[in-house]
Every structure is written in C-alpha cells, then in structure tokens.
Ligand code: MTE
Ligand code: CO
C-alpha cells in the first residue's frame, strides 16, 4: 500500500486506529504485491486509458458496468409452475448500504407485470364514503406528498426453510425483500377527500393486473402511515413494482402492498379475500390457522459471507448484513461465529429508520477455522429474533409464511459457505 497515494501517513494511521485496527493487522490479510514481479495492472497502459470512451448521453439511461452483469434478480425454476405467477429474488449478497436499486428489487406477481398507460389509469375510492371519487394520476400528484424509506418483505420470505435448510444463497433464503425510498401521498388525505362514513372500519385496495389482487386493511393502519406511492428511489415506480401506483403498507406483509392500484373500497368488515383465507394464513400443528398476521417481526441475515459470496481471505474480513422490523427501528444486532454460543454486538452503519432495512457490520480476523455465522436482531420494542427451533415450537412446520428465525451459514476451512441449521 502506497501511503502517498492514499491518505498522508499520520492521518491514515489515525483513521485505522479509529476503526479499531493497527496497521499490521489491516495489512496482514490483504493481498501483497509479489516481490520482484511487475504487476501488469500497474505497468501496462490499459485500453480505457488509451482510447476515448463513450460520450455523454450515448447511454441515455445508465446501467451498471458490464463487469457487474452477474448482479441480477434470479428465480428458482422448480418453485412455481409458471413465470407469470412466481417470484424473483433480490441479490442481497451483492448489495451494500440500505437502499435496493430499482432494477434489483425482487418481484412477486400473481398474473405477470401489468404494463399500464398512466394516462388511462384511474384510482377509484368507493364504499362507505360521503362522495365516491375517481382520480387521475395528475389529480394524485396535486396532493401533498412525502418521502419515506421502507422495507417490503413478502410473508413467504424464508418460507422454504420451515422444515430445514434448503436453498443455498441468501438471495434465495432471504431475497424476497427490498428497501426503497417511496414518494407518495398519505392515504389519509385521499380518504379524507372522499369523506369516511362513521361505520368505515376497513379498506380494500385492488390491483389493475389480471390477478386483481385484493386485501383487507384496518382503517387505523390506512389513516396512520399508508402511502399511495408513484415513485421509488426518486424515479417513477418500475412496472414490476406497480407502475404507475401502488399502496405502501409500512412494516406489514408484502402481499398487502397492492401494485397497479386502481381501487380502494371502504367497508365495515374485512372482505376475506383469497389472499387472507386460503393464502397468507399460518396453519398451526393443531389444525387451527393464524389469520391476519400482518406485521413482519424483527429479522436479520448475514449477506456476506453467504453461499454465493464465500470468504476469500484469511486475516481481516468484514461480515455484513441487514436487519429490519415491522414494529419500528432496529436497536441492536448481535453476530455469532460459533452457532449461537457466543455473541458480539455488530456495528450499525447508515440511517436507522423505522420499518426500514438497517445495515450492520462486524470487522473480524479469520484464521481459517470453521465458522457457524448467525445474526440476531433486536427492535425498539425489545423483541429479539428467535431461533428457528423456538419458532417451530410455537408455529410447527406447516407454515409457509412469517419465518423470521435465525439463519446459520457454515463457513468451511476453504471459505466455502453453506446453508445449515444448528439445534
Ligand atoms: N399486487 C398486485 N396487483 N398483484 C400481485 O401479484 N403481489 C403481492 C404484492 N402486491 C401482487 C401485488 C405480493 S405477494 C408481494 S410480496 C408484493 O406485491 C411484491 O412486491 P414487489 O413485486 O414490488 O416485490
Ligand atoms: Co408476497
């Protein structure tokens, strides 16, 4: 490492000390220049320094470097019978910080992507209101709008893991989540414009896609923090995420976040739609089902290392992961390297926002021993993420939804990493 080209010596040492490292420790695990062998990456003039590159606006809408082309949403073919009613997963192990780039947000469609012409899109509000209303997209943009960062987690995230470790990669075990900054109008304003009748207790958002997705949401939640969103991460919603309009239901299961939103009905009781009867209920061991399990409990996952991103170096390494809770902010994340016997509190970095993903790190030295890496999230209510066994004791193994148990990654001596369970 050439100190002249980075930070001045003294300043750099201060930085490393602040990060809790010594120069020797930081250097120990990093790739060293091989003595006596010239490095062509330094000694040869590369093409990108020899020729002019593309001019401005050649790439009118930018996309990632071609060297990042492996960073994509992926599906698991055997999971579903067709791609139109299926899921693709966010490549969590390739991302950092807390925001999911728009093109990498996992998708869950029940009838494929509706490609909607916004000039022909309407939002209707009907039912127990003083005056039923129909809004154009322009009408909606004239209401006061807000910007908020939230995670959306499908209730079925980690659903394939109830009966034991199955899928090898956090993309597949935990990738039915994305975390985006939404711009939208508080639903409260829309409902107030229509005027709620005194017996209005529930709303039912409905999608304009061929599945006409419908869910019942209590009026308190609708009035408290739901948004009618038209933008994500600063630009229009992507078609995959419900362009031109979706409802945002902070902290609650993804299924309720109806995309391609075309109608909101107001009623005095829930509608008991397919998505809240035969689906999105949790079958218990005694044959009864938990229903209306809306809130996504605190959960976390180590994204690096993980099966698609093995450990490459002995010495200094960064463990990284995400934690989130549908009940508010993440207060603490602990990481274990030995399958849950000993825990170290991880370092949280970046914004800590309610019902948003939160990034954590653990800087550690790897000597090549086998590791069983776990993370455990705690939220502001004091709720602690349970182990998978603790969860099964109360829920059994018939469930698909709401698996927020602690994930274990086995790191072998060669760095290869595998999805396992400890009991
Ligand atoms: N809304 C409509 N109209 N159609 C759908 O198929 N899928 C739901 C929900 N909203 C769905 C929908 C499910 S199950 C989930 S998990 C989320 O959208 C997925 O949102 P995403 O595709 O932005 O990840
Ligand atoms: Co879902």
| request: Could you run through segment 397-409 and say how many residues are at pLDDT 95 or above and farther than 18 Å from residue 313 by Cβ? | output: 8
| Quick one: in segment 325-376, which of the residues that are within 25 Å of residue 419 (Cβ to Cβ) and within 15 Å of the chain's Cα centre (by Cα) is surrounded by the fewest Cβ atoms within 10 Å (Cβ to Cβ)? | 326
| query | Counting only residues that are away from ligand 2 (no atom under 16 Å from the Cβ) and within 13 Å of residue 261 (Cα to Cα), which one in segment 207-225 is surrounded by the fewest Cβ atoms within 10 Å (Cβ to Cβ)? | reply | 210
| Which residue pairs have Cβ atoms closer than 9 Å, lie 6 or more positions apart in sequence or on different chains, and pair a first residue in segment 251-280 that is farther than 26 Å from residue 297 by Cβ and within 8 Å of ligand 1 (Cβ to nearest atom) with a second residue that is assigned to a helix (DSSP H, G or I) and at pLDDT 95 or above? | 260/239
| note | Taking segment 174-189 and keeping residues in a helix (DSSP H, G or I) and surrounded by fewer than 23 Cβ atoms within 10 Å (Cβ to Cβ) leaves 188, 189
| message | Checking the condition at pLDDT below 50 and not assigned by TED's automatic domain parsing to the domain that holds residue 236, which residue from 17, 32, 46 passes? | response | 17
| request: Select from segment 257-315 the residues that are on the phi > 0 side of the Ramachandran plot and assigned to a loop (DSSP other than H, G, I, E, B) and write down the one among them that is farthest from the chain's Cα centre (by Cα). | output: 287
| query | What is the one condition in (1) exposed (fewer than 13 other Cβ atoms within 10 Å of the Cβ); (2) more than 16 Å from ligand 2 (Cβ to nearest atom); (3) closer than 30 Å to residue 302 by Cβ that residue 80 does not satisfy? | reply | (2)
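Could you run through segment 117-127 and say how many residues are farther than 22 Å from residue 275 by Cα and touching a strand residue (DSSP E or B) at 6+ places or on another chain (Cβ under 9 Å)?
Count: 4.
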| task | Tell me, please, whether a residue that is in a helix (DSSP H, G or I), over 30 Å from residue 331 (Cβ atoms), in contact (Cβ under 8 Å) with a residue 12 or more places away in the chain and more than 18 Å from the chain's Cα centre (by Cα) can be found in segment 201-210. | result | no
| request: Report, ordered by the first and then the second residue, all pairs with beta carbons closer than 7 Å, sequence separation of six or more or different chains, a first member in segment 362-382 that is free of Cβ contacts under 8 Å to residues at least 12 places away in the same chain, and a second member that is buried (at least 23 other Cβ atoms within 10 Å of the Cβ). | output: none
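State yes or no: is residue 315 touching a residue at least 24 places away in the same chain (Cβ under 8 Å) and crowded, with 20+ Cβ neighbours inside 10 Å?
Against the criterion (touching a residue at least 24 places away in the same chain (Cβ under 8 Å) and crowded, with 20+ Cβ neighbours inside 10 Å), residue 315 does not qualify.
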| field | Single match in 337, 283 (criterion: at pLDDT below 95 and touching a strand residue (DSSP E or B) at 6+ places or on another chain (Cβ under 8 Å)) | value | 283
| field | Any hit, segment 103-113, residues being away from ligand 1 (no atom under 14 Å from the Cβ) and not assigned by TED's automatic domain parsing to the domain that holds residue 329 | value | no
| remark: Within segment 262-293, residues crowded, with 20+ Cβ neighbours inside 10 Å and within 16 Å of ligand 2 (Cβ to nearest atom) come out as 275, 276, 280
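Looking at residue 239, is it within 13 Å of ligand 1 (Cβ to nearest atom), assigned by TED's automatic domain parsing to the domain that holds residue 125 and either crowded, with 23+ Cβ neighbours inside 10 Å or closer than 20 Å to residue 98 by Cα (or both)?
Working: within 13 Å of ligand 1 (Cβ to nearest atom): yes; assigned by TED's automatic domain parsing to the domain that holds residue 125: yes; either crowded, with 23+ Cβ neighbours inside 10 Å or closer than 20 Å to residue 98 by Cα (or both): no.
When the stated conditions are applied, residue 239 does not pass them.
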| Here are 87, 71, 125, 129: which of them is touching a residue at least 12 places away in the same chain (Cβ under 8 Å), touching a helix residue (DSSP H, G or I) at 6+ places or on another chain (Cβ under 8 Å) and within 13 Å of ligand 1 (Cβ to nearest atom)? | 87
| field | Residue among 187, 196 that alone is more than 16 Å from ligand 1 (Cβ to nearest atom) and touching a helix residue (DSSP H, G or I) at 6+ places or on another chain (Cβ under 9 Å) | value | 196
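The values are calculated or read from the model by the stated rules, or taken from the named source; none is laboratory data. Nothing here was measured: the structure is a model prediction, and the numbers come from that model. Cβ sites come from the backbone with ideal geometry, for glycine too, and all protein chains shown count toward neighbours.
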